[in-house]
Amino acid sequence: MLDWASELGEVLIPQEKIRERVKELGREISEVYPDGAPVVVGVLRGASVFHADLIRELHFPLSIDFMAVASYGNATRNSGEVKLIKDLETSVGGADVLLVEDIVDTGLTLSYLLGNIRNRQPRSLRVCSFLSKPARRAIDVTVDFLGFEIPDRFVVGYGLDYQQRYRNLPFVATLKGI
Ligand code: 5GP
């Protein structure tokens, strides 16, 4: 078996803390959609794990959809170019949209996605991000619901990858040497 665990640095957010926070987020979000029925949009692939856990903490009617973007840059830094590679299948004009992101770093990806969805004139558009690195912000974006703020470290786990690996870790950790 590959000794991949030895490549991990420190655990920044343990599994139990994630579970508790996701439940709280579910309660916070439920207060905002008293009539239910938002389209909960996950951004592939990083937000897939968070999205799957979060929707099971939302105890009202909703639908789900996904978008995927490619951000160009090196392995751990965004260059600023964002391209849509998978679009929504739902028509969200007039709908309440909750966009679910894995992490807001510079804010470029989120800003692109918000602009893209706003063009379709949803009734409301809110953002729920699992993580945020406020120290890295280059564009001012509003995150309505946030899991955790983290320092300027490259992290993996709970959907976040390094070269497509580590997404299945149930906690958030740093990598050695990054
Ligand atoms: P932004 O456009 O805000 O700079 O970057 C957002 C995207 O960069 C995230 O959706 C994620 O894919 C990637 N990213 C930013 N920071 C990290 C990190 O610490 N770990 C991982 N795995 N991806 C990150």
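The values are calculated or read from the model by the stated rules, or taken from the named source; none is laboratory data. These figures come from a predicted structure and were not determined experimentally. Quick reminder, even Gly has a Cβ in these numbers, built from the backbone with ideal geometry, and neighbours come from all protein chains shown.
Total residues in region 7-16 satisfying the condition of being part of a helix (DSSP H, G or I) and in contact (Cβ under 8 Å) with a residue 60 or more places away in the chain: the figure is 2. Starting from residues that are in a strand (DSSP E or B) and of a type outside the set (A, V, I, L, M, F, W, C), keep the ones in region 155-176 and report whichever is nearest to the ligand (Cβ to nearest atom). So the residue we want is 162.
Would you confirm, using the coordinates I've provided, whether residue 11 is within 16 Å of the ligand (Cβ to nearest atom), modelled with pLDDT of 95 or more and either farther than 27 Å from residue 117 by Cα or in contact with a Pro (Cβ under 9 Å, 6 or more places away or on another chain) (or both)? Here the answer is yes, as residue 11 does meet what is asked.
Just for region 26-42: of the residues that are touching a helix residue (DSSP H, G or I) at 6+ places or on another chain (Cβ under 8 Å) and not aliphatic (A, V, I, L, M), which one is nearest to residue 54 (Cα to Cα)? If we take residues in region 26-42 being touching a helix residue (DSSP H, G or I) at 6+ places or on another chain (Cβ under 8 Å) and not aliphatic (A, V, I, L, M), then 26 is nearest to residue 54 (Cα to Cα).
Taking region 26-56 on its own, how many of its residues are out of contact with any Ser or Thr (no Cβ under 8 Å at 6 or more places or on another chain), surrounded by fewer than 21 Cβ atoms within 10 Å (Cβ to Cβ) and among the aliphatic types (A, V, I, L, M)? Result for region 26-56: 4. Candidates in region 24-39 are the residues that are closer than 19 Å to residue 132 by Cβ and touching a residue at least 12 places away in the same chain (Cβ under 8 Å); of these, the one that is nearest to the chain's Cα centre (by Cα) is 25. Residues in region 113-145 that are outside any loop (DSSP other than H, G, I, E, B), out of contact with any Phe, Trp or Tyr (no Cβ under 8 Å at 6 or more places or on another chain) and more than 8 Å from the ligand (Cβ to nearest atom): 113, 114, 115, 116, 117, 118, 124, 125, 134, 135, 145. For region 70-91, the count of residues that are in contact with a Cys (Cβ under 7 Å, 6 or more places away or on another chain) and at pLDDT 95 or above is zero. For first residues located in region 108-123 and within 14 Å of residue 90 (Cα to Cα), partners that are at pLDDT 95 or above and within 13 Å of the ligand (Cβ to nearest atom) and lie 6+ apart or on another chain with Cβ distances below 7 Å form the pairs 117/99. Within region 66-87, none of the residues are within 11 Å of the ligand (Cβ to nearest atom) and part of a helix (DSSP H, G or I).
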